[in-house]
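Read through the structure below, which is laid out as structure tokens, and then see the notes.
The values are calculated or read from the model by the stated rules, or taken from the named source; none is laboratory data. Predicted model, so just to flag it, every value in this text is computed and none were measured. All Cβ positions, glycine included, derive from the backbone under ideal geometry; neighbour counts span all protein chains shown. We work out accessible area using only protein heavy atoms, side chains counted, and drop any ligands, DNA or RNA first. Shrake-Rupley method; radii C 1.70, N 1.55, O 1.52, S 1.80 Å.
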Amino acid sequence: MTLVIVEPPFPGEHGRRVIVRCPEAERCIGIAHSDQELLRLLDKVGLTGYEKYLDVPGAVEWRELGPHQWERPSY
């Protein structure tokens, strides 16, 4: 199964790096700043219709920040 990993944003930066991991390889496919951008990146690599999987554990791994959070909270 293909796993989508959404990394936390680097300090001082906006957006989150998106990594696709499949049994053969792992690669960064870009930086997303919203759910829509994430879905566009996934579509470009052939993972169409992924919107139904954004909240499915095991399909998308949202690291550090929760799902649909694209910027670190400012305290």
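Counting only helical runs of four or more DSSP H residues, what would the 222 nm mean residue ellipticity of the chain come to if each run contributes -39,500 (n - 2.57) and the total is spread over all its residues? Mind showing how you got there, number by number?
Details: 1 runs with 10 residues, N = 75.
Counting only the DSSP helices, I get -4000 deg cm²/dmol.
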For the chain, take the longest principal axis of its alpha carbons; what is the angle in degrees between that and the long axis of helix 35-44, to the nearest 10 within 0 to 90? 30 degrees
To the nearest 20 debye, the chain has a Cα-centred charge dipole, built from +1 on Lys and Arg Cβ and -1 on Asp and Glu Cβ, of 100 debye
The stretch 40-75: GluC sites (Glu not before Pro) in DSSP coil with no more than 11 other Cβ atoms inside 10 Å: 64
Accessible area (Å², 1.4 Å probe, nearest 10) - residue 55: 110 Å²
So how exposed is residue 27, as accessible area in Å² (1.4 Å probe, rounded to 10)? 140 Å²
Each residue of the stretch 60-71 in turn: what ³J(HN,Hα) in whole Hz from Karplus with 6.51, -1.76, 1.60 and θ = phi - 60°, glycine and Pro shown as x? 10, 9, 8, 7, 6, 7, x, x, 6, 9, 10, 9
So what J values fall out for the stretch 11-26 if you push phi through Karplus, 6.51 cos²θ - 1.76 cosθ + 1.60 with θ = phi - 60°, rounded to Hz, Gly and Pro as x? x, x, 10, 10, x, 9, 6, 10, 10, 10, 10, 10, x, 8, 6, 9
So the pair-distance distribution of the chain, from every Cα-Cα distance in 5 Å bins, comes to percents of 3, 17, 30, 27, 14, 6, 2, 1, 0
